[in-house]
1. Using the 10 angstrom Cβ neighbour count as an exposure proxy, how do Ser60, Ser55 rank, fewest first?
2. Starting from 0 in steps of 5 Å, tell me what percent of the Cα-Cα pairs of the stretch 81-176 lands in each bin.
3. Pop out the ³J(HN,Hα) list for the stretch 137-152 in order, Karplus 6.51 cos²θ - 1.76 cosθ + 1.60 with θ = phi - 60°, rounded to Hz; leave Gly and Pro as x.
4. Based on the mean of other beta carbon atoms within 10 Å per residue, what is the order of 109-120, 145-156, most packed first?
5. So for Phe17, Phe48, Phe125, fewest C-beta neighbours within 10 Å to most, what's the order?
6. Taking the Cβ-Cβ separation of Asn11 and Thr79 as r and a Förster radius of 25 Å, what is the calculated FRET efficiency to the nearest 0.05?
7. Test of understanding: ordering Ile67, Ile99 by Cβ neighbours within 10 Å, fewest first, what list do you get?
Amino acid sequence: MGYDLHGDALNQVFTRFKELADRKVELSDADLEALVAEEMGDTVRYAFSLVSLDSHGGSSSTPTATIVLDHDGKKIEATAAGSGMVDAACAAIRQATGIEGTLTDYAVTSVTGGVDALADVALRFEVDGVSMPGRGLSTDVVEASARALLNALNRIVRVRDTGEDPTAVSRPGSLS
C-alpha cells in the first residue's frame, strides 16, 4: 500500500485493525487503507481520546449515550440524552470535555459494502468562531461520529492551546 508507519502510529493502526477484525467477517484493502489514512492524517498527542462508548435507543425510549474519555491519563465519564444516538453521543462528549459549540456539517459514507461496512464520518464543529473538520471511522456509525467529533475537538484544543493558525490545523494531515 506504500505507507510508512512507525512507533505509536503503527501501534494505533494495529489496535484499530484488531478491533475492526473482531467486528467484521471479512476485511478489505479499503478497510485497512482507511484506518492507515485516518492515523496518518492525525498523528498527534490527543487532548481527548475515546476509551469507551455505550449508546442505547429505540422507538419507545429516549436515546442515551455514556462516554468515557482519556484526558492526560485521567478518565472522564459523562452520560447524555439526545434526539438520536449520534446526538446523545455528541452531547456526552461535549459534557465530558466541557467544550460547547455547533455542529455545522455532518456526512456519513461507506468505505466498503455490506452490513458490516466501515462508516466514514466527516463533520465540521465550530467553537468561538473557529471551525474545524473531524473524521472518524468505525463499523458503528455512532462510534464513527464520536471519533469524528473528538478529532475536530482535538484540533480546536490545539489551536486554543498553541495559538496556531486555524487554517493550518484544519488541513488534512496537519496534526502530524
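FYI, it's all coordinate maths here, none of it is from the lab. As the structure is a prediction and not an experimental result, all values here were calculated from the model. In this analysis, Cβ positions are derived from the backbone assuming ideal geometry, glycine residues included, and neighbour counts consider all displayed protein chains.
1. Working: Ser60 5, Ser55 21.
Going from least to most buried by this count: Ser60, Ser55.
2. Result, from short to long distances: 3, 14, 24, 24, 17, 11, 5, 1, 0 percent.
3. 10, 5, 6, 9, 5, 5, 5, 4, 5, 5, 5, 5, 5, 4, 4, 5
4. Working: 109-120: 15.5, 145-156: 25.4.
Descending packing order for the listed peptides: 145-156, 109-120.
5. Numbers: Phe17 15, Phe48 21, Phe125 27.
Placing the least packed residue first, the sequence is Phe17, Phe48, Phe125.
6. On the way: r = 30 Å, r/R0 = 1.20.
For R0 = 25 Å, the calculated efficiency reads 0.25.
7. Details: Ile67 28, Ile99 19.
In increasing order of surrounding Cβ atoms, one gets Ile99, Ile67.
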